[in-house]
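Colleague: Pasting a structure here, questions to come.
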Amino acid sequence: MQTIKGRTKQPPRIIVSGPNSVGKSTFASKFPTPIALDLEGGLEEIGVERLPRPETYVEVKEQLAWVASKSYKTLIIDSIDWLEKLIQSDIAAQAGVADLARIPWGEGYKRAYFELARFLGELDELRKTKRMIIVMTAHVRITKFTDPLGDNYDKYTLNMHESEKASTSQLVRDWCDCLLFAEKEKLVRTEKGGTRGKAKTVDRHIVHTRLSHAYEAKNRYDLPAVMDLDFGQVWGAILAFLNGPVAKPTEPETKLELVEEVNV
């Protein structure tokens, strides 16, 4: 069997999450030659080229097929959690119920999970055949996280379905190459003689690129942990990684050095 060596350059799959009005959609609109699926109907003021707001999941699939026939370089989906809502509504309508919770044994959520997985597969096909960058926005919510190794705490998570057998939130987190958590930078002043603090936002929008107890984030491009929510800075760092040399692991020069390393 033939092996594959070296880095294979692929267009990134990026999700920008965060609270409302932090600049997620504006950031997404800066990518090269974009076309947007405006699922929320909130891109009018940004001015990015977009398709009419779809009212059903069937219309979303029709729009995706249209995009596949064109030559855009970036596909924006605003937002992934609204896409999930349309998928859920479509499956509920097929089952003749008001919502997925009325379908027994969690079967409705399983169908939604597999349909979203199929949709992500179609995005991967666009990425492969059309060399398109995929950029999604996502809303967040605050959830309680139970840590088996320590204290429980609150955490920002994607505003998507979470369950043991059909977690669409986990599905998209695993799928993407880069999950950025965007927010307005906060300065916290601790009250004198106490442990409670007061947060004050400042006029700087930032993105976190690595996992934290407070939010979900990841990247496969060795990005700094915190960056300005600035397209040129973030995209430049991703391109620098993709176009840079592949680091080669260092190898011991002699067998003696190898033995010493193992013994240590």
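The values are calculated or read from the model by the stated rules, or taken from the named source; none is laboratory data. Please read all numbers here as calculations on a predicted model, not as lab measurements. So basically every Cβ, Gly included, is an ideal-geometry build from the backbone, and we count neighbours across all protein chains shown. Accessible surface is based on the protein model in full, side chains and every heavy atom, while ligands, DNA and RNA are left aside. Shrake-Rupley method; radii C 1.70, N 1.55, O 1.52, S 1.80 Å.
Colleague: Got at least one residue in the stretch 32-51 being within 20 Å of the chain's Cα centre (by Cα), closer than 23 Å to Trp175 by Cα, open to solvent by less than 60 Å² (accessible area, probe 1.4 Å) and in contact (Cβ under 8 Å) with a residue 60 or more places away in the chain?
Modeller: Checked the stretch 32-51: at least one residue is within 20 Å of the chain's Cα centre (by Cα), closer than 23 Å to Trp175 by Cα, open to solvent by less than 60 Å² (accessible area, probe 1.4 Å) and in contact (Cβ under 8 Å) with a residue 60 or more places away in the chain.
Colleague: Keeping to the stretch 98-145, report how many residues are loosely packed, with under 14 Cβ neighbours inside 10 Å and of a type in the set (A, V, I, L, M).
Modeller: Final tally of qualifying residues: 4.
Colleague: Of the residues that sit in the stretch 1-31 and are under 23 Å from Val67 (Cβ atoms) and β-branched (Val, Ile, Thr), which one is surrounded by the fewest Cβ atoms within 10 Å (Cβ to Cβ)?
Modeller: Out of the qualifying residues, it is Thr26.
Colleague: Ok, one more. Could you go through the stretch 133-146 and let me know if any residue there is touching a residue at least 12 places away in the same chain (Cβ under 8 Å) and in a loop (DSSP other than H, G, I, E, B).
Modeller: Looking through the stretch 133-146, at least one residue is touching a residue at least 12 places away in the same chain (Cβ under 8 Å) and in a loop (DSSP other than H, G, I, E, B).
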